[in-house]
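The values are calculated or read from the model by the stated rules, or taken from the named source; none is laboratory data. Note that the structure is predicted; figures quoted are calculated from it, not measured. So basically every Cβ, Gly included, is an ideal-geometry build from the backbone, and we count neighbours across all protein chains shown. Calculation scope for accessible area: heavy atoms of the full protein, side chains included, ligands and nucleic acids excluded. Shrake-Rupley method; radii C 1.70, N 1.55, O 1.52, S 1.80 Å.
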Amino acid sequence: MKTQIIEELGQGSILLPALVAEGLAANDRIKVRMSALQAAARHAQEPDRPANDLAVESQTAGIAPAGIAALIGGARLIGQGRLAAPDLAKLMQEIADDAATMIRAVGAGAVSEGERAQARLDATARPACSMPPARSRCPASRA
């Protein structure tokens, strides 16, 4: 609410330092979450190898290490190139939220850059079946 009022009054630059700090924190979190996805995929492919639980990285980024460790340790393959892991959907949503936070920070300082980044994020967030048939992995009848 306060953010909207400040922006309506044309004083958005007051918010810039806080938005930049939020964007940098989101960048730290997204790096850990993407690393967790990579570690989960490796663990699912080679379950007998010790997995890096990213405890230090998680703690540094303000993410609960136990959740990341459970995701990595519980990862398994459920088909060709498909991964299942505890709270994977939650992790994916958190990645999207972190990306949106980073984009807000960019947009506060460079509106057109923020709009372009948001358009790219929106394009990747569409379900695969809503993409044009040439890019979709869906049967032609569902595209």
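Structure summary
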read-out	value
The stretch 27-50, residues that are in a helix (DSSP H, G or I), of a type outside the set (Asp, Glu) and either in contact with a Phe, Trp or Tyr (Cβ under 9 Å, 6 or more places away or on another chain) or open to solvent by 60 Å² or more (accessible area, probe 1.4 Å) (or both)	LYS31, MET34, GLN38, ARG42, GLN45
Single residue of the stretch 84-136 satisfying the filter (of a type in the set (Lys, Arg) and assigned to a helix (DSSP H, G or I)) that is modelled with the lowest pLDDT	ARG120
Residues of the stretch 52-64 classified as open to solvent by 40 Å² or more (accessible area, probe 1.4 Å) and either touching a residue at least 24 places away in the same chain (Cβ under 8 Å) or assigned to a helix (DSSP H, G or I) (or both), total	5
Check on ILE72, open to solvent by less than 40 Å² (accessible area, probe 1.4 Å), touching a His at 6+ places or on another chain (Cβ under 9 Å) and either free of Cβ contacts under 8 Å to residues at least 60 places away in the same chain or farther than 23 Å from THR101 by Cβ (or both)	yes
